[in-house]
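Asks: Quick one: the structure is below, questions incoming.
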Amino acid sequence: MLRSALFRVVICAVGLIPIWGESAEPVSYRVYPERVELDGPEATEQLLVFAKTDSAPTIDLTHQVSYTTLDTHIVAVSSSGRITPRGDGTTRVVVEMDGQCRLVSVIGC
């Protein structure tokens, strides 16, 4: 029992789950990087999504949100947020979480 409680305190201290069962409603979302420039056909970029809450410093939501590219001829984006080039040009990737969207500008070359 003590070991379980200690584990929970350690996890809470690094902001992975809310402390003592409190709600972890996100206060704000951030997507990194905010702008992507892919230099060459082998280039890739990983998007990272973080939420800030009242009860935890940050929560990584990278694998819990949805990603969509506005132009599949320029870039592809995986369900985990990995962006890969498909052609030259500029487009945006839409990151959607809890009904909110963030746009990431992407230059493919």
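Asks: Could you pull out every one of the strands (runs of 3 or more DSSP E) wholly within the range 8-99 that has 1 or more residues that are of a type in the set (Phe, Trp, Tyr) and modelled with pLDDT of 80 or more?
Replies: 26-32, 48-53, 66-69
Asks: Scanning the range 81-100 for residues that are surrounded by fewer than 13 Cβ atoms within 10 Å (Cβ to Cβ) and without any contact (Cβ under 8 Å) to a residue 24 or more places away in the chain, which turns out farthest from Leu38 (Cα to Cα)?
Replies: For the range 81-100, the residue satisfying everything is Gly99.
The values are calculated or read from the model by the stated rules, or taken from the named source; none is laboratory data. Fair warning: this is a prediction, and the values are worked out from it, not measured in the lab. Cβ sites come from the backbone with ideal geometry, for glycine too, and all protein chains shown count toward neighbours.
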